[in-house]
Structures are given as C-alpha cells and as structure tokens.
1. Given the criteria more than 16 Å from ligand 2 (Cβ to nearest atom) and not in a loop (DSSP other than H, G, I, E, B), does I72 qualify?
2. For T105, indicate whether it is surrounded by 16 or more Cβ atoms within 10 Å (Cβ to Cβ), polar (S, T, N, Q), within 14 Å of ligand 2 (Cβ to nearest atom) and closer than 25 Å to A163 by Cβ.
3. Return the residue satisfying two criteria in turn: it lies in region 21-60 and is within 16 Å of ligand 2 (Cβ to nearest atom) and among the small types (G, A, S), and of such residues it is surrounded by the most Cβ atoms within 10 Å (Cβ to Cβ).
4. For the subset of region 145-186 comprising residues that are closer than 17 Å to G45 by Cα and more than 16 Å from ligand 2 (Cβ to nearest atom), which member is surrounded by the most Cβ atoms within 10 Å (Cβ to Cβ)?
5. From the residues in region 195-216 that are surrounded by fewer than 15 Cβ atoms within 10 Å (Cβ to Cβ) and of a type in the set (D, E), which one is farthest from the chain's Cα centre (by Cα)?
6. Can you confirm whether S153 is more than 16 Å from N97 (Cβ to Cβ), out of contact with any Pro (no Cβ under 6 Å at 6 or more places or on another chain) and polar (S, T, N, Q)?
7. Name every residue in region 83-108 that is on the phi < 0 side of the Ramachandran plot and among the aliphatic types (A, V, I, L, M), in order of residue number.
8. Collect the residues in region 51-61 that are within 6 Å of ligand 1 (Cβ to nearest atom) and without any contact (Cβ under 8 Å) to a residue 60 or more places away in the chain, keeping them in residue-number order.
Amino acid sequence: MLTGESEKMEMNDYILEVEDLSVIRSGKLVISDINLKIARGEFVGIVGPNGSGKTTLLLSILGILNAKSGRIRIHGCEPMCRSNDGRISWVSQAASNIPNNLRITIRELVKLGSISSRNMFFPNRKKIDVVVDKAIEMVGLKDVEHTDVARLSGGQRQRAVIARALASEAEFIILDEPLVGIDRIARSSLLKLLDELCHDAGKTILMVSHDLAAIRQTAHRMIYLEETIKFDGETSEFPDLTEIAELRGINPVHDESSGHQH
Ligand SMILES: Nc1ncnc2c1ncn2[C@@H]1O[C@H](COP(=O)(O)OP(=O)(O)OP(=O)(O)O)[C@@H](O)[C@H]1O
Ligand SMILES: [Mg+2]
C-alpha cells in the first residue's frame, strides 16, 4: 500500500510507535497488546509493580528482545536499523552502580558514551571533546569532571551516567529507574535536569520509575503498565492509589460495605 504524503508527515511526528506488541520470556507472556506512540519532545513516565514488564518493554523498544507479535518503529524504522544508530540512548537500571574498584574519571566515563559504530574507526577527536564538554556541563558536573566516579555521591553518579547518554547525542533517551538510591534533593534536581533536556535541548524522554510522587512532578504523560498498558494519559489525570488498585483488579482494603472513605 502506498503511503500518502500527509500520512508520512504524521508518521514522522512520532519518535516511537509501538503496535500490538507482545513479548515472551522463558515461555511466559510478559507484556501483551502494547500500543504506544511517543512524539518528539515528550517526557513520558512509566510506572507499575515489580515484574510488571517495564524493563522488558524498554529492552524491546531498544531492539534487544524479540517481539512475539506486533511492531515497533523508531523514527519510522525498526529499532536496530542503521539509520537509528546513535539516535537512541539507554540508561539502565542500576547503571550508576559502577564498581568502586574501577578507576575512571567522570570525563572518561562520559567520553565512553560518545563511541558509536559510526565514529569508532574514524573518530573526530575535536568534535568528541566538544560533545563531552557539553554533556558534562548540561548535568552540572564540570567542577568534578576529573574526579574518580567512585568518589561521587549517588546523585552525581546518576548525573554522570545521564551525561554519558547525552554524549551519544541521541535525541531519544530511555531511563530505567534513574532515581533509585539517591536522596530527595538530588532526586528533584535530577528531575529538573531531565525536564530541561526535554524543554530546552529537544530530547524525548521515556523513564521508568517506582517513585510515583517524583515522576508525577515532572513527566507530562504517564503510563501504568502491568503486562499491558492500563493507563496512558496526562499526568494530571493519573489515577490515585484506590483507582490504581481497581486497575489492578485488587479490592480496596475497606470495601464498600464498611462505608470507609480513603
Ligand atoms: N531474562 C529473563 N528471562 C525470563 N523471564 C524474565 C527475564 N527477565 C525478566 N523476566 C520476567 O519477566 C517479567 C517482567 O520482568 P521485568 O524485568 O520486565 O519487570 P519490571 O517491571 O522491570 O520489574 P522491576 O520493577 O522489578 O524492575 C517478570 O516476571 C520476570 O520474572
Ligand atoms: Mg525493571
């Protein structure tokens, strides 16, 4: 079927398009019937209980896991296609748990992010330095750039791994639980940074977090995932805890007969 010009335009507005995606791991259906579109510049948060398939969804989007059925398009083509090389970046769950015996400075760590198959063999050193400088500045670690990662606080480490993702110059950044293990103040400044990356640097962000309160403060749009997407909408519309229990098919502790209100 030929694609009309207007349809093509519409397709290109989306960085990510997931259609009817189901994924099986070790013979078990982990996520099913996922439909999701993310437009350029959106900041989308994903929440859901342990084992609900959040990481599985991210790994599928990255093209690491194969779909049982359905379709994923990033910039209109398959996740691993050549034209997506360097356009998508991943900050993994526990990425900032860098072993303490690894002697590496922040600048060196961030520079690792600038390696891609595009520039591995013919690196443009000057350009790499500019990109690394910018990434370090964006996350506010300039004054500690030559410090060993092992000597950083949890929040600073998390910033360093985000800078590493930025050094790839990817426009689509996927983060899995970036808020774990950092204190409240570092957490809100990290969220502010992510928000700025969206608004000022034109990045598109998809972030998984258990921290409902924190993600709610920042994400424009939220998804509740539990095998499938049970809520997808504006953050202001996100259900409260009682409604989440209903989404999960769990009865509130005080049922209607007791007359309690939460
Ligand atoms: N490598 C694997 N092989 C088989 N099953 C797996 C594998 N990894 C995860 N699973 C299963 O897939 C389901 C979803 O796991 P996933 O890691 O995607 O959940 P999650 O929502 O990210 O959980 P968490 O909040 O704990 O990070 C779980 O039931 C898990 O046991
Ligand atoms: Mg996970």
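1. yes
2. So T105 does not fit the description; no.
3. Top of the filtered list is G45.
4. Here the residue is I162.
5. Going through the qualifying residues, I end up with D200.
6. In short, no.
7. Initial filter on region 83-108 (on the phi < 0 side of the Ramachandran plot): 83-85, 87-93, 95-108.
I88, V91, A95, I98, L102, I104, I106, listed by residue number.
8. Answer for region 51-61, where residues must be within 6 Å of ligand 1 (Cβ to nearest atom) and without any contact (Cβ under 8 Å) to a residue 60 or more places away in the chain: G51, T56.
The values are calculated or read from the model by the stated rules, or taken from the named source; none is laboratory data. Being a predicted model, the structure only gives us computed values, none of them experimental. Virtual Cβ from ideal backbone geometry, glycine too; neighbours counted across all protein chains shown.
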